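Here's the structure we're looking at; comments come further down.
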Amino acid sequence: MDKVVSSRAAVRRVLEAYATPAQQGDVETEVIAGEAGDHYLLVYVGWRGNQRVRGCTMHLDIKGGKVWIQHDGTERGLASELMEQGVPRGDIVLGFRAPARRKYTEFAES
């Protein structure tokens, strides 16, 4: 299987696992997957009583054949979950880290 195709599938599996209905009031989770541009988000939207709830908890992109984690709102860490789904460590970029600091991680710099 093509590397980008398998990365897309891994990203979707991880996002969909977090999108399982964990309803709190009228708050829904939505997986937004733009495969044409390879942009992937998990967002929460709705109402909890009179309070509006919305936000992005995960943002990933696939660029140059690598999975870029742009925002990771998980406790466990998306990189670990992607590796469990078969994405090699060298194909994951921690985009939320400053470029000069990425060389100190165990992942790809760009």
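The values are calculated or read from the model by the stated rules, or taken from the named source; none is laboratory data. For clarity, every value in this text was computed on a predicted model and none was experimentally measured. No Cβ is skipped: glycine too gets one built from the backbone with ideal geometry, and neighbour counts run over all protein chains shown.
Being more than 13 Å from the chain's Cα centre (by Cα), at pLDDT 95 or above and of a type in the set (S, T, Y) narrows it down to one residue among S6, S110; which is it?
Numbers: S110 fails: at pLDDT 95 or above.
After applying the criteria, what remains is S6.
Of all residues in the stretch 26-53, count the ones that are touching a Ser or Thr at 6+ places or on another chain (Cβ under 9 Å) and of a type in the set (V, I, T).
Total satisfying the criteria: 3.
May I ask you to list pairs of residues, at least six apart or on different chains, whose Cβ atoms are under 6 Å apart, with the first in the stretch 7-31 being polar (S, T, N, Q) and the second being at pLDDT 95 or above and part of a loop (DSSP other than H, G, I, E, B)?
S7/V87
Within the stretch 23-53, which residues are of a type outside the set (A, V, I, L, M, F, W, C), at pLDDT 90 or above and closer than 28 Å to G64 by Cα?
If the condition is that a residue be of a type outside the set (A, V, I, L, M, F, W, C), at pLDDT 90 or above and closer than 28 Å to G64 by Cα, then E30, G34, G37, D38, H39, Y40 are the ones that fit.
Restricting the search to the stretch 42-72, which residues are under 12 Å from the mean Cα position of the chain (by Cα) and more than 24 Å from G90 (Cβ to Cβ)? Spell out the reasoning first.
Quick first cut of the stretch 42-72, residues under 12 Å from the mean Cα position of the chain (by Cα) only: 42-43, 56-62, 67-72.
Matches in the stretch 42-72: L42, V43, C56, T57.
Inside the stretch 75-92, can you point out the residues that are without any contact (Cβ under 8 Å) to a residue 60 or more places away in the chain and in contact with a helix residue (DSSP H, G or I) (Cβ under 7 Å, 6 or more places away or on another chain)? Spell out how you get there, then give the answer.
Of all residues in the stretch 75-92, those without any contact (Cβ under 8 Å) to a residue 60 or more places away in the chain come to 75-77, 79-80, 83-84, 88-90, 92.
Result: M83, R89, I92.
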